[in-house]
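S.K.: Have a look at this one.
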Amino acid sequence: MPRVEITVPEHLEMQIAQMVEQGEFLNREEAVEELLSTGIKAYKTSGPMDDDESSGFEDEGMMGHEDEYVF
């Protein structure tokens, strides 16, 4: 399986760690893989947004944060 390195904001890392601690996932890697897969499926279902519906997140990073995402 290919490996991918990402940098996420601390608040997302804390949420992932909490889900692992609560037993929703076996470990951090499983959590990230499942959450990413679910996000991609949701994106494909809803499709890309039209320019008129764009919220400007692409200029500020995901969810309106200015954090940098590296894939």
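The values are calculated or read from the model by the stated rules, or taken from the named source; none is laboratory data. In this text, all values refer to a predicted model and were calculated from it rather than measured experimentally. As a convention, Cβ positions derive from the backbone with ideal geometry for all residues, glycine included, and neighbour counts pool all protein chains shown. Side chains are part of the model used for accessible areas, which takes the heavy atoms of the whole protein and leaves out ligands, DNA and RNA. Shrake-Rupley method; radii C 1.70, N 1.55, O 1.52, S 1.80 Å.
S.K.: What tally of residues in segment 1-17 results from selecting those that are open to solvent by less than 100 Å² (accessible area, probe 1.4 Å) and not aliphatic (A, V, I, L, M)?
M.R.: So the first thing to find is which residues in segment 1-17 are open to solvent by less than 100 Å² (accessible area, probe 1.4 Å), and the list is 6-9, 11-13, 15-17.
This time we only want the ones that are not aliphatic (A, V, I, L, M), so: 7, 9, 11, 13, 15.
The total comes to 5.
S.K.: Could you please give the count of residues in segment 19-47 that are part of a helix (DSSP H, G or I) and open to solvent by 100 Å² or more (accessible area, probe 1.4 Å)? Spell out the reasoning first.
M.R.: Within segment 19-47, the first condition is being part of a helix (DSSP H, G or I), and the residues that meet it are 19-21, 28-46.
Add one more test, that the residue is open to solvent by 100 Å² or more (accessible area, probe 1.4 Å), and what stays is 21, 28-29, 33, 41, 43-45.
Matching residues across segment 19-47 total 8.
S.K.: Another question, then. Within the set of pairs 6 or more residues apart or between chains, which connect a residue that is closer than 16 Å to residue 36 by Cβ and of a type in the set (Asp, Glu) inside segment 1-25 to a residue that is open to solvent by 90 Å² or more (accessible area, probe 1.4 Å) and not in a helix (DSSP H, G or I) with Cβ atoms less than 9 Å apart?
M.R.: 5/71
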